[in-house]
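Input: a single structure, listed below in C-alpha cells.
The values are calculated or read from the model by the stated rules, or taken from the named source; none is laboratory data. Remember, it's a predicted structure, so these values are computed and weren't measured experimentally. Here Cβ is always computed from backbone atoms with ideal geometry, including for glycine, and neighbour counts include all displayed protein chains.
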Amino acid sequence: MNQTFNHLLRSTLQVIYPELCCICQANLVRGEYHVCTACAFDLPYITGNQQDVTKLSKLFWGRVTIEQVHSLFNYQKGNHVQTILHAIKYKSRPRIATHFGTVLAKSIPADHGLTCIVPVPLHPKKERKRGFNQSQAIAEGLSAVLELPLYNRYVIRNAFNESQTKFSKYDRYENVRSIFTVVKPKLLEKQHVLLVDDVLTTGATIESCAAELLTAVPGCKVSIATLAARV
C-alpha cells in the first residue's frame, strides 16, 4: 500500500516538478534516480577494476594500515563525477549522495567483515553552513544496504581547517594533521570500521581520521569507502 502511494506521489510530483538528471538536465523517467540511464552508463566506474583498487590501497602504504578500500567512481577534474559531487555539496542535494551510497554498497563483497560505519565528520560550523554532511549522506545509503550501524557522533572534527583544494599535496597533510578526535573510543573497541568520505584524492583527510581511530581505539580495524577517487 505504502509503495503504491509513494509511486503515485512521485509520479504526480514529476508532472508538476519534473526531476532532472544532475549531469545533462534531461527529464528523468520512471526507474531513473538523479542521473539518467545514458549518463549513468557513461560514468567511469572503479568497482570491479582490480588495478584501480590496488592503486587506491597504495595511497596508504607505509602511512596507515587500511584493510580495504572501496570506491565507486574515478574522479578527474572536469568529468561527470565532478558534476555529481558539485551537485551534492554546492547545490544541497544530499539525496544524490545517499542514492549512490546504496549503489556503492552493492559492490562491496558479502564477506567484508565490517561491523559499523563512521562518516568523516565536518566541523560543526561548516555543517551548519552547508546544512548537512555529505559523507554522512553517503554513509546512510551504505548503512541501509549493508545493514550495519551508523555512528555519526563517535568522531568529531575539532578544527575548522581551510578547504584542501588550494593546497599542495604536502600542505594538505599539514592542513589536516590532528584535526579529529574519537569521543567514544570504548564503543568502537575491536570494531571493523568502514570510514566514509565523499572523494579520495591525496588521501590526507581520511588518513588523518583513520590514524586517530587506530591510535585511540584498542583492537580497531579500518576500511575506507568513498563515492569517488582519483586513480
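A few points about this structure:
- Strands (runs of 3 or more DSSP E) contained entirely in segment 180-231, each with at least 2 residues that are among the small types (G, A, S) and assigned by TED's automatic domain parsing to the domain that holds I96: 221-229
- Any hit, segment 140-152, residues being of a type in the set (D, E, K, R) and within 11 Å of the chain's Cα centre (by Cα): yes
- Applying a threshold of 7 Å to beta carbon distances and a minimum spacing of six or more residues, or different chains, the list of pairs starting in segment 106-123 at a residue that is free of Cβ contacts under 8 Å to residues at least 40 places away in the same chain and ending at one that is assigned to a strand (DSSP E or B) reads L122/R157; H123/R157.
- Considered as a group, the residues in segment 110-132 that are assigned to a loop (DSSP other than H, G, I, E, B) and within 15 Å of R153 (Cβ to Cβ) include one that is farthest from the chain's Cα centre (by Cα), and that residue is H123.
- Hey, I156 within 19 Å of the chain's Cα centre (by Cα), of a type in the set (A, V, I, L, M), modelled with pLDDT of 90 or more and over 27 Å from T54 (Cβ atoms) or not: yes
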